[in-house]
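A.B. asks: Quick one: structure below, then a few questions.
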Amino acid sequence: MGAAVGPRAAAHRVRALSAAPSSRRAAQAVDALRHGWPIKVRGAPLLLPIETAPGEVRSSHALISAARAATLKLANQRAAADPHSAVLVRTADPLDLAAARAIADPSMDLATPLKGPFLAEPLDWLEEAGAAMELARIAGILPAFLVAPQSAAEAVAVLPEDVAALSDPAALAIATRARLPLASCEEAEIVLFRSPDDLREHVALVLGRHSAERVPLVRLHSECLTGDILGSLRCDCGPQLDAALESMAAEARGGGWGVLLYLRQEGRGIGLVNKMRAYRLQDQGFDTLEANRRLGFPAEARDFPVAARMLALLGVGAVRLMTNNPAKLAALEAAGVHIAERVPHRLPANPHNARYLATKRDSAGHWL
């Protein structure tokens with residue numbers, strides 16, 4: 001059946017490692033994955049993203065998440081200590097992209113129940129595999145790759161340590177700001193934040209007049225297209241956003257002020273497409289955290305330190321934090337933000353989000 005795949009398993013064209021900053025190299029790798037181009041993490045073989053790759057390519061090896069490997073009954077052969085790490089899989093016959101996508105995407109399992117046989121092989125480039133998985137999450141694609149595929153295009157070179165540089169909040173800066181009268185508060189300002197190597201633009205809404213004498217009411221709100229814009233009943237995001245703006249408007253009317261940080265981190269950091277895949281899994285009976293894990297992502301992948309950086313750029317050192325999530329509290333405190341008070345959300349459930357809220361309470365420790 002052949003030997004395990006290693007860094008020198010096949011000869012491929014690899015773009016020379018650029019002298020650009022680490023974050024720029026990682027951003028180039030993310031862009032490559034979105035376009036379906038291969039990446040070459042130093043120390044690992046060439047990796048082609050299964051979800052976005054075009055054309056006719058084949059490989060007898062795939063890199064998938066440990067959680068996905070467990071679903072495919074490979075955990076007993078080669079268990080991974082970290083459920084979000086990667087597993088190298090060998091197939092009896094070379095995989096084309098259609099077969100590989102059925103392996104990679106658990107939301108397709110009911111439509112493609114027959115898979116295998118597979119064998120988990122030793123993986124001696126775990127750090128590099130983990131970096132590739134994280135780059136896939138940032139790109140918003142499934143964390144799954146064909147390994148050393150035949151006929152792949154030129155690869156973009158990246159180092160494992162480049163990934164951490166891409167997430168460094170120190171690169172975030174204020175891009176612009178403007179007055180933005182709101183229905184709930186006419187005295188409001190919008191502030192846009194941008195990082196050179198990140199396409200996402202985070203947003204702050206400042207309601208009322210900035211005052212060093214009053215600690216602002218602050219909410220970290222992660223983008224939720226379905227809840228914030230479409231009125232989805234599957235989550236409580238839309239009602240939380242509305243309630244936060246109303247509470248901050250009331251603060252402004254009373255001489256205080258509020259700051260809403262709108263973080264572009266859809267689906268707890270896994271992206272909109274993967275969030276919809278998680279919804280399909282939820283429709284099959286899995287809860288919201290289980291669905292993320294089965295897709296190969298952490299249950300919580302949001303970057304809360306970026307919110308602390310936004311507050312620092314706004315000159316906010318202490319907050320009255322509007323949240324039910326202990327992870328937000330801990331992340332801001334760890335980043336040096338003083339939490340003067342926690343202000344809870346108290347919103348009713350509905351028949352469509354009751355299980356979602358129970359999962360947040362029982363599995364994620366939210367104060368509900």
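A.B. asks: Going by average Cβ density within 10 Å per residue, which order do the peptides 323-333, 64-74, 171-181 take, highest to lowest?
C.D. replies: The densest-packed peptide leads the list: 64-74, 323-333, 171-181.
A.B. asks: Sticking with this one: Divide by every residue of the chain the summed helix terms, -39500 (n - 2.57) for each DSSP H run of at least 4, and state the resulting mean residue ellipticity at 222 nm, rounded to the nearest 500 deg cm²/dmol. Display every interim value, and only then the final one.
C.D. replies: Details: 12 runs with 114 residues, N = 368.
It comes out at -9000 deg cm²/dmol, rounded to the nearest 500.
A.B. asks: Can you tell me the orientation of helix 237-253 relative to the chain, as the angle in degrees between its alpha-carbon axis and the longest Cα principal axis, to the nearest 10?
C.D. replies: On a 0 to 90 degree scale, this one is about 30.
A.B. asks: Given all pairs of different Cα atoms, what value in angstroms does the Kirkwood hydrodynamic radius of the chain take?
C.D. replies: 21.9
A.B. asks: Check cross-link reach from residue 115 to the lysines: straight Cα distance under 22 Å, and skip same-chain residues fewer than eight apart.
C.D. replies: Excluding near neighbours in sequence, the set is 73.
A.B. asks: With springs only between Cα atoms under 10 Å apart, run a GNM on the chain and tell me which of 158, 57, 218 wobbles the most.
C.D. replies: 57
A.B. asks: Using +1 at the Cβ of each Lys and Arg and -1 at the Cβ of each Asp and Glu in the chain, identify which of 297, 318, 368 lies farthest towards the dipole's positive end.
C.D. replies: Comparing the listed Cα positions along the dipole, 297 ranks first.
A.B. asks: While we're looking at this one, here's another question. Would you mind listing how long the stretch 176-257 runs along its three principal axes, going by Cα atoms, in whole Å with the largest first?
C.D. replies: In descending order, the Cα extents are 36, 35, 21 Å.
A.B. asks: While we're here: Cross-link candidates for residue 328: which lysines have Cα within less than 26 Å, leaving aside residues fewer than 8 places away along the same chain?
C.D. replies: Within the straight-line cut-off, residue 328 pairs with 275, 360.
A.B. asks: Same structure, new question: In Å and whole numbers, how far do the C-alpha atoms of the stretch 22-165 stretch along each principal axis, longest first?
C.D. replies: 41, 35, 24
A.B. asks: Give the share of C-alpha pairs in each 5 angstrom bin for the stretch 137-227, from 0 to the last occupied bin, in whole percents, shortest bins first.
C.D. replies: The distribution over the stretch 137-227 is 2, 9, 12, 18, 16, 12, 10, 8, 5, 4, 3, 2, 0, given as percents.
Each value in this text was obtained by applying a stated rule to the coordinates, not by laboratory testing. These numbers come from a predicted model, not from an experiment. So basically every Cβ, Gly included, is an ideal-geometry build from the backbone, and we count neighbours across all protein chains shown.
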